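Read the structure below first, then the notes.
The values are calculated or read from the model by the stated rules, or taken from the named source; none is laboratory data. None of these values were measured; they are calculated from a predicted model. Backbone-built Cβ (ideal geometry, glycine too); neighbour counts: all protein chains shown. Just so you know, the surface numbers come from the protein's heavy atoms only, side chains and all, with ligands and any DNA or RNA stripped out. Shrake-Rupley method; radii C 1.70, N 1.55, O 1.52, S 1.80 Å.
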Amino acid sequence: MRFAYFALRLIAATCLWISAALAYEIEDHQYYAATPEVSVLRIISTADRGVFEPIIEAFQTSNAGISVDYTIVSATDLMQAIYTEGASFDLAISSAMDLQTKLANDGYAQSYVPQRAARLPDWAIWRNQLFAFTQEPAVMVVSDKYFKEGEAPKTRDALIALLRENPETFRGRIGTYDVRRSGFGYLMATQDSRTSETFWRLTEVMGRLDAQLYCCSGDMIADVASGKLALAYNVLGSYAASELAHTDGFHIVELTDFVNVMLRTILIPSNARNVSDAQTMVDFLISLRSRADLVQASGLPPIDTGALRDNPALRPIRFGPGLLVFLDQLKESKFLRSWENSIVQETP
């Protein structure tokens, strides 16, 4: 049964990279009308509406007459929409750096030199086609029901030891991404595996304890806060921090051995129709770190080289060909097979 999951994932990947598949699935959609309306900016994005809406409203305040047509999809559906189906959007915003890099690498992005490019470090721009505007850590969230503040493990080795020593406490109460469904989850898992051998040991331990698999950070955070889960691993830190502002029952742990930091990126698709407004939005997003009000309202941490200097455990994922390694079909299938052998374990 375990390999049925892999077969389904492999079929999906084949459809994505080789042939046309079913239409991409829209999770949410909102039209932000300007009055009077002069133009329409069509955005496809993985960012939840509650997170990105303050940015859209501030953008419209600064740029009168631009309506924003905002479509929310998963990272894999965003890739399918642009790469496979040729859907027409003016801007693509995603948390999956590897998939965004593939779009740019394969000719699906336009070049642009932002007015505020000097404000970004070199590692936050790729080929003047891909631009980072946030740096968001992958964190662990833990339930107050199971851990008092400061009691949760601080390293992956300590987490592995805790889970092994207390199987009955944590059985069925660990959450993590289903990397077959989540582009961000797949990115974090592959980056973990490249950084440390502890990834596979931790995955096997979680699998033996019947880890619960999720598509989205929000669902994991909700189940940790309610006490249904004791902890969730590799949760998107910006969403956790935003939820913590108005939800009790959990706290956030940044592991001290290393913290992978995702860069949320923007690109202008090659078939964009409203390029001028797309470029204006790129400039606006790059200036996010000068807008403390929007950082607070959205919960999206901006590019901040100082934070990286102050905490050497933070490791931004770098742009470049290395991000494409695990998008190769053979490497992807091998990785997913190993992951499923570890995480989807049948109970004797």
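The figures follow:
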read-out: Relative packing of peptides 133-142, 107-116 - highest average C-beta neighbours within 10 Å first; value: 133-142, 107-116
read-out: P(r) histogram, all alpha-carbon pairs of the range 258-327 included - 10 Å bins from 0, percent; value: 16, 36, 36, 11, 0
read-out: Surface accessible to a 1.4 Å probe, per residue, for the residues of the range 43-104, Å²; value: 22 Å²
read-out: For a label point 7 Å along the Cα-to-beta-carbon line of D144, residues of the range 221-259 with backbone N under 12 Å; value: 225-227, 244-252
read-out: Potential extension, K334-R127 segment - 0.36 nm per residue separation minus Cα distance; value: 71.5 nm
read-out: Which labelled figure in (1) 59, 44, 39; (2) 87, 40, 35; (3) 62, 44, 33 is Cα extents along the principal axes in Å, once derived from the coordinates; value: (3)
read-out: R0 of 25 Å, Cβ-Cβ distance T305-T256: FRET efficiency to nearest 0.05; value: 0.75
read-out: Partner lysines for K148 [C-alpha distance under 29 Å; skip if fewer than 8 residues away on the same chain]; value: K228
read-out: Per residue value of the accessible surface for the range 174-309 (all protein chains in place, 1.4 Å probe), Å²; value: 34 Å²
read-out: Residue of N260, N166, N271 that the Gaussian network model of the chain assigns the largest fluctuation, springs spanning Cα pairs under 10 Å; value: N166
read-out: Choice from P36, P269, P312 showing the highest fluctuation, given a GNM over the chain with Cα pairs closer than 10 Å; value: P36
read-out: Shape of the range 122-263, Cα gyration tensor, a/c cut at 1.5; value: prolate
read-out: Centre separation in Å (Cα based) which lies between the range 237-265 and the range 60-87; value: 25 Å
read-out: Max mean-square fluctuation residue, GNM over the chain, Cα-Cα springs under 10 Å, options S276, S94, S74; value: S276
read-out: Anchor K331: lysines whose Cα lies under 18 Å away (excluding residues fewer than 8 positions away in-chain); value: K102
read-out: Protein accessible area in the chain, 1.4 Å probe - carbon and sulfur %; value: 50 percent
read-out: Helical mean residue ellipticity (222 nm; -39500 (n - 2.57) per DSSP H run of 4+; nearest 500) of the chain; value: -12000 deg cm²/dmol
read-out: Charge dipole (the chain, unit charges on Cβ, about Cα centre) - positive-most of Y70, V40, Y177; value: Y177
read-out: Within the range 22-87, GluC sites (Glu not before Pro) in DSSP loop having at most 12 other beta-carbon neighbours inside 10 Å; value: E25, E37
read-out: Antiparallel DSSP beta bridges within the chain, as percent of all bridges there, nearest 5; value: 60 percent
read-out: Point-charge dipole on Cβ atoms (K/R +1, D/E -1) for the chain, about Cα centre, debye to 20; value: 800 debye
read-out: Inter-label distance for Q345 and A64, nm, one decimal - labels placed 7 Å from Cα along Cα-to-Cβ; value: 6.4 nm
